[in-house]
Amino acid sequence: MKFTEVFILNISIDSKRFVTSVQNGLTNARNEIYVSNTLTDNRKHMEKWDYIVTAVKEFFEHQGKYSFIPLDRGLFKPIMIFDKEEKTLYTIIKNKNFDKLLNRKSIDKIHYIDAMLDYNLSYQTTPEQITWSEMDNMFSDNAVDKIRDLQTNIETMLCSDEIKEYITIVIDFNGYTLTDAKAVLCSKWLKIIDENDWKEFITPSYNDIEDNGKIDFVQETEIKSMISLKPTVRKADEIG
């Protein structure tokens with residue numbers, strides 16, 4: 001299956017500013033969790049995303065052309081970023097989760113991205129590039145109905161039925177350190193059409209260099225040490 005070779009991914013969002021905002025969100029999450037007076041920090045895994053999307057919104061909302069809408073998917077709420085001028089829709093996902101989606105063998109349970117990929121249908125150059133068998137067997141009738149319902153929900157929330165394309169922003173981080181970022185244009189049939197690497201915009205900070213992803217281990221070790229401390233019993237001849 002071939003896609004047009006002349007297509008160049010056109011990113012309307014400021015990629016350097018976006019990467020910086022994600023880094024700021026991770027830093028904010030780290031600072032908040034460090035000062036919290038709790039014995040465990042199980043919330044950190046989900047809370048990172050809350051700080052990331054909040055930082056991205058704060059970086060771009062002043063421009064006025066973006067809408068930032070959480071999409072309720074139960075336990076997790078991904079953020080939809082919609083460029084109202086270019087009619088481009090973005091979401092953010094972690095690299096390992098994106099890879100799992102691309103490598104699915106069957107689609108019994110739909111992902112929100114399945115609904116958004118329909119907006120990239122125009123990037124198929126000709127219908128012959130994919131067989132009818134591939135098209136028919138990808139989603140069950142029930143999945144197709146759910147995708148349509150989700151698309152209706154998305155367009156209602158964004159107040160637009162003129163979405164021209166959907167771009168997935170794929171990021172990766174180790175602890176609180178951003179390690180990778182890229183923008184990916186993917187077809188409805190889970191094939192990468194084009195991608196734009198943003199790794200060059202990741203700026204190592206002093207904390208990133210110092211922690212090197214070991215910060216969780218250090219914090220956990222310190223807590224365990226505190227728990228295992230036993231009161232020191234002084235011998236009688238040491239007293240007084």
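Is there a residue in segment 148-163 that is out of contact with any Asp or Glu (no Cβ under 9 Å at 6 or more places or on another chain), at pLDDT 90 or above, in a strand (DSSP E or B) and polar (S, T, N, Q)? No, there is no match, as no residue in segment 148-163 is out of contact with any Asp or Glu (no Cβ under 9 Å at 6 or more places or on another chain), at pLDDT 90 or above, in a strand (DSSP E or B) and polar (S, T, N, Q). Here the condition is being closer than 17 Å to residue 170 by Cα and not hydrophobic (A, V, I, L, M, F, W, C); of 66, 90, 34, it holds for 90 alone. The conditions of being over 20 Å from residue 73 (Cβ atoms), of a type in the set (S, T, N, Q), loosely packed, with under 14 Cβ neighbours inside 10 Å and at pLDDT 75 or above are met by residue 203.
Residue-wise test of (1) at pLDDT 90 or above; (2) closer than 13 Å to residue 13 by Cβ.
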position	(1), (2)
75	no, no
78	yes, no
84	yes, yes
88	yes, yes
93	yes, no
99	yes, no
103	no, no
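The values are calculated or read from the model by the stated rules, or taken from the named source; none is laboratory data. These numbers come from a predicted model, not from an experiment. When we count neighbours, we look across all protein chains shown, and the Cβ atoms used for this are built from the backbone with ideal geometry, even at glycine.
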